[in-house]
Amino acid sequence: MLTRDPDAFLEFTRGVAPDFGPATAKGVFLVAPDGFVLAAESASDNRYMAGAGAFDASRALAEHRALQAALSRVLPTVCFPGDPETPDAVFPNNVFATAPGRYLVGRMRHPVRRREAARSDIRGFFRDLLGYREIDLSTQPHPCELTGALVVDRARGLGFCGLSDRCDGAGARLMHEALGLRATLLFDLAPGEYHANVVLAVLAGRALVVAPGGFADPRVVQALASLYAPHVLALSPAEQAAFAGNAIALSGDRAWMSARAAAALSGANREALARAGFALESVALEAIEAGGGSLRCCVGELF
């Protein structure tokens with residue numbers, strides 16, 4: 001199923017079992033923030049990006065090393081070098097994504113990010129080292145910025161795709177088919193939002209983090225909350241602005257977000273996370289967040 005109707009989606013998915021695949025990744029990959037500067041093209045439609053003067057490359061590199069060290073204590077973590085010609089590459093999950101036995105290369109909206117898709121070392125890692133089959137969406141015309149635009153419940157095979165200039169309906173269909181999902185709900189993001197994964201996260205298939213202000217249609221938020229009740233964290237505008245929606249679970253018992261996001265999280269939402277069975281892990285990423293993304297955006301998942 002691929003639909004824009006939240007009621008039809010909810011009816012279809014209520015009884016879907018969590019037997020589609022592993023709920024969390026078996027490893028992750030990162031790209032270091034070498035040459036971390038403001039990318040003017042990306043800033044044109046990413047309101048979360050700071051001005052050029054706020055970019056601190058040395059601090060961003062130190063934060064990224066700390067993130068790699070923290071994640072490596074939980075699961076295998078591979079880090080590729082960055083490239084000054086691709087200043088947004090620290091957010092690789094928009095360009096590369098995996099499913100069992102295959103990897104996807106996305107079509108980025110901005111030319112500065114399309115350069116990332118051409119990296120032979122990352123493609124070779126998936127193709128030659130891991131033996132994954134390639135699904136290359138980067139040469140077709142429809143933007144589809146992978147797990148930036150598409151939030152995936154890996155346990156149940158469900159997708160939640162926010163439409164914007166970074167992903168259109170045709171691109172959403174391509175990702176839905178490439179990942180072999182059971183059902184994908186398409187929805188419009190609120191004006192000024194660029195990626196679904198800034199306002200929405202599904203944690204290990206059993207908890208929902210959602211920023212209602214990031215959605216154009218409140219019925220979508222209601223449907224998602226109904227699907228994941230009672231484990232729903234509804235974010236305030238302040239929590240959303242601090243990137244609390246840009247969270248990820250990399251195991252069944254821990255949820256990760258930036259230190260800034262964790263500090264903004266309300267007591268009620270902390271309790272909701274604990275009731276869902278998650279301890280909260282955080283890493284300081286203030287310098288990296290100047291680039292308009294946070295912890296989840298830095299993490300590419302290996303399935």
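What follows draws every value from the coordinates through simple rules; no lab data is involved. Nothing here was measured: the structure is a model prediction, and the numbers come from that model. Methodologically, a virtual Cβ is constructed for each residue, glycine included, from the backbone with ideal geometry; neighbour enumeration extends over all protein chains shown.
Just a few scattered comments:
- Gaussian network model of the chain, springs between alpha carbon atoms under 10 Å - residue of 90, 74, 283 with greatest fluctuation: 74
- Spin-label pair residue 177-residue 44: with each label point 7 Å from Cα along the Cα-Cβ axis, the two points sit 2.9 nm from one another.
- Order of 154, 73 under a 10 Å beta carbon neighbour criterion, fewest first: 73, 154
- Gain upon complete extension [residue 234, residue 271; 0.36 nm per residue less C-alpha separation]: 12.1 nm
- Gained length - residue 121 relative to residue 263, 0.36 nm times residue gap less alpha-carbon distance: 47.5 nm
- Of the DSSP H helices in the chain, those that are both long (alpha-carbon extent of 18 Å or more along the helix axis) and hydrophobic (Kyte-Doolittle mean at least 0.0) are 57-72.
- Counting only Cβ charges, +1 for Lys and Arg and -1 for Asp and Glu, the dipole size of the chain around its Cα centre is about 580 debye.
- Centre-to-centre separation between the Cα atoms of region 241-303 and those of region 110-189: 22 Å.
- Against the set [x] -0.43, -0.65, -0.85; [y] -0.22, -0.37, -0.58; [z] -0.27, -0.44, -0.67, the structure's computed log10 I(q)/I(0) by the Debye sum over Cα atoms at q = 0.07, 0.09, 0.11 Å⁻¹ falls on [y].
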